[in-house]
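Visitor: Below you'll find the structure I mean.
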Amino acid sequence: MSESIHITASNKEGKYKELVPQVKSLLQQETDPVANMANFCAVLKYSMHFFWVGFYLIKNNELVLGPFQGPLACTRIQKGRGVCGSAWQKAETIVVPNVDEFPGHIACSSLSKSEIVLPVFNSNNQIVGVLDVDSDELNSFDDCDKKYLSELLSCLKF
Ligand code: SME
């Protein structure tokens, strides 16, 4: 059992490249999706220094807060609402450089300035929820985050 994650790179892509094999190895040791989502959030938040990292899972046609790391968050989001509900509706990743400029953005914390939301799929390629990552700085996310976060998500089995 690997007990900790070691990151030596100082740039974002370098950190992600070191994270991927370590997260794969960590998640392979456990089959429970909630346990794995919980550690996934902890590893990402503390390795990448994000403000908030969490899952919203589709239950009875709405998104319900799942495992997360960071401050208190809203618990339910309707389809098409906010960044998370839009990413669900489109089944596509949404990068928001400035949350104040995203129409309908749901502000769980006024400290969150930019975010990326990725759809999460099960093994039948059905969407089961979204991963939401928030930063307390503007313009934190780009194609590099999209690429590595989706690679990391593919290590989770639903
Ligand atoms: N900002 C998100 C809501 C979730 S929180 O940021 C944790 C949205 O607009 O969907």
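Visitor: Could you run the Karplus curve 6.51 cos²θ - 1.76 cosθ + 1.60 with θ = phi - 60° over region 122-128 and give me ³J(HN,Hα) per residue in whole Hz, x for Gly and Pro?
Guide: My calculation for region 122-128 gives 8, 5, 8, 6, 9, 6, 10 Hz in order.
Visitor: Right, something else. Calculate the FRET efficiency for LYS157 and LEU72 from the Cβ-Cβ distance with a Förster distance of 35 Å, rounded to the nearest 0.05. Walk me through the intermediate numbers first.
Guide: Details: r = 28 Å, r/R0 = 0.81.
So, using R0 = 35 Å, E works out to roughly 0.80.
Visitor: Sequence-distant or interchain residues sharing an amide H contact under 5 Å with SER114, placed H: which?
Guide: Amide H to amide H, under 5 Å and 5 or more residues apart or across chains, SER114 pairs with VAL99, SER135, GLU137.
Visitor: Between rounded, prolate and oblate, where does the chain land on the alpha carbon gyration tensor, with a ≥ b ≥ c its root eigenvalues, rounded for a/c under 1.5, else prolate if a/b exceeds b/c?
Guide: Oblate, since a/c reaches 1.5 and b/c is not below a/b.
Visitor: Something else now. How far is it, in nm, from the label point at GLU92 to the one at GLN29 when both lie 7 Å from their Cα along the line to the Cβ?
Guide: 3.9 nm
Visitor: Would you list SER154, SER4 from fewest to most Cβ contacts within 10 Å?
Guide: SER4, SER154
Visitor: Read phi for every residue in region 69-82 and hand back ³J(HN,Hα) as whole Hz from Karplus 6.51 cos²θ - 1.76 cosθ + 1.60, θ = phi - 60°, with x for Gly and Pro.
Guide: 10, x, x, 2, 10, 5, 9, 9, 10, 7, 4, x, 9, x
Visitor: Okay, moving on. With the contact rule set at Cα under 8 Å and sequence spacing of 6 or more, what percent relative contact order holds for region 1-127?
Guide: Here the relative contact order equals 14 percent.
Visitor: Which whole-Hz couplings ³J(HN,Hα) result when phi for each residue of region 24-36 is put into the Karplus expression 6.51 cos²θ - 1.76 cosθ + 1.60, θ = phi - 60°, listed in order with x for Gly and Pro?
Guide: Each residue of region 24-36 in turn: 3, 5, 4, 6, 5, 7, 9, 9, 6, x, 5, 4, 5 Hz.
Visitor: Amide H neighbours of CYS108 under 5 Å, at least 5 residues apart or on other chains, H built in the peptide plane: list them.
Guide: Residues meeting the amide H criterion: none.
Visitor: Over 20 Å between Cα atoms, which of LYS24/LYS157; LYS45/LYS79; LYS17/LYS45; LYS15/LYS45 qualify?
Guide: Result: LYS45/LYS79 exceed 20 Å.
Any read-out appearing in this document is the output of simple, stated calculations on the displayed coordinates, not a laboratory observation. As the structure is a prediction and not an experimental result, all values here were calculated from the model. All Cβ positions, even for glycine, are placed from backbone atoms using ideal geometry, and neighbour counts span all protein chains on display.
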